[in-house]
Amino acid sequence: MGRLTVIGVDADDTLWHNERFFRLTQGEFARLLADYTDEDRLMERLVAAERRNLGRYGFGVKGFVLSMIETALEVTGDRVPGPAIARLIAAGHEMLSHPVELLPGVGDALQAVRDRRRLVLVTKGDLLDQERKLAQSGLGELFHGVEVVSMKDVPTYRAVFARQGDGAGRGLMAGNSLGSDVLPMIAAGGWGVHIPHPMTPEPDEPPGPDRFRSIATLSDLPPLLDRIDGD
């Protein structure tokens, strides 16, 4: 087995908190529309709108806000009050300007990986927002490369790891999402490492394909890499 040469790391809810801000905004959204529908039904409509709009807006705060506005129009029969729309837009502005809050131990873990391997940030979302968060995080200089992608799937991982190194077969991707960070990377021929986050619950982990691992925190990644290389 060849030595791992390129390590990809996810950003949102792997390096810094992200989902908690979406949850807070969703709570405010539900309060604004409480006179028109119950929260469960509202969230179902919002999720449907986000999925429907994914090809138009991509991932990120801007698409989330536009989907909330669209959902508000739907559930109110186009009678949503103007102040409610203004508040949703303001909530989006707040999300886009919120200070970055790193998860524990992230900086030291990334430095340990960077000292021995090529380290690449692989994240999806709005380009400007991801660039802002990376700049505010103070982690930017630790990465040899940064890839902001519209989708995390098998072709994307193959292309990214070919650009950044020796191909997916000698690469590893670590992140909090089984569906976007881990399983597509394994399908592309690389390693996938799941780092669970309490606010992004996942279904039961797979039984353990040869190149699947799970760790509790990013701090566990450097020793895991040494173990994989030693197998």
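The table that follows gives values for the structure above.
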{"item": "Phi-based couplings in Hz for segment 96-110 (Karplus 6.51, -1.76, 1.60; Gly and Pro marked x)", "result": "6, 10, 5, x, 6, 10, 5, 6, x, x, 5, x, 5, 5, 5"}
{"item": "Whole-Hz ³J(HN,Hα) from phi, Karplus 6.51 cos²θ - 1.76 cosθ + 1.60, for segment 30-38, glycine and proline x", "result": "5, 5, 5, 9, 4, 6, 10, 6, 7"}
{"item": "Residues with amide H under 5 Å from that of Val149, placed H, sequence gap 5 or more", "result": "Thr123, Lys124, Gly125"}
{"item": "Check: the chain dipole with +1 on Lys, Arg Cβ and -1 on Asp, Glu Cβ, in debye", "result": "640 debye"}
{"item": "Given 15 as the ceiling on other Cβ atoms within 10 Å, longest exposed-site-free region of the chain for trypsin sites (Lys or Arg not before Pro) in DSSP loops", "result": "117-231"}
{"item": "In sequence order, calculated HN-Hα J values of segment 114-129 (Karplus, 6.51, -1.76, 1.60; Hz; x Gly/Pro)", "result": "4, 5, 10, 9, 6, 10, 10, 7, 10, 9, 10, x, 5, 4, 5, 5"}
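FYI, it's all coordinate maths here, none of it is from the lab. Every value quoted in this text rests on a predicted model; they were computed, and no experiment measured them. Positions of Cβ are generated from backbone atoms using ideal geometry, with glycine treated the same way; all protein chains shown enter the neighbour counts.
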